[in-house]
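The values are calculated or read from the model by the stated rules, or taken from the named source; none is laboratory data. All values reported here derive from a predicted model rather than from experimental measurement. Using ideal geometry, Cβ is built from the backbone for each residue, glycine included, and neighbour counts are taken over all protein chains shown. Heavy atoms of the whole protein, side chains included, go into the accessibility calculation; ligands, DNA and RNA do not. Shrake-Rupley method; radii C 1.70, N 1.55, O 1.52, S 1.80 Å.
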Amino acid sequence: MTSQNAQQQGSHHWVMTLELPGRAMNTLYGTWTPPEGATRHDVFMAIKTDIGREAPEMARANVVFFALEPNQL
């Protein structure tokens, strides 16, 4: 990874698995730079809300897994 690529990514990497029981399961991932003072819960809710906006059927999905880690080695 080049430093230029790292600058284009968010400060944290996240993974979320959502399930609509008996219908669908989806694992999504990306990077995110939380605003100053944000909590892990704030980030969780913001990501889940964004997913629901992009895929309304997933707005009420059960969260099976969520991870948020600093985006570094």
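Structure above, values below:
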item: P(r), alpha carbons of the chain - 5 Å bins starting at zero, rounded %; result: 3, 14, 26, 21, 16, 11, 6, 2, 0
item: Residue-averaged 222 nm ellipticity for the chain, from DSSP H runs of 4+ at -39500 (n - 2.57), nearest 500; result: -8500 deg cm²/dmol
item: Amide H contacts under 5 Å for Asn71, placed H, 5+ residues apart; result: His12, His13
item: Signed unit charges on C-beta, dipole axis of the chain, positive-most listed residue Pro56, Tyr29, His12; result: Pro56
item: Mean separation of Cα contacts under 8 Å (6+ apart) over length of the chain, as relative contact order %; result: 43
item: Carbon/sulfur fraction of accessible area - the chain, other protein chains in place, 1.4 Å, %; result: 52
item: Given charges at beta-carbon only (K, R positive; D, E negative), |dipole| of the chain in Debye; result: 140
item: In degrees, nearest ten, helix 40-54 long axis to first principal axis of the chain (Cα); result: 60
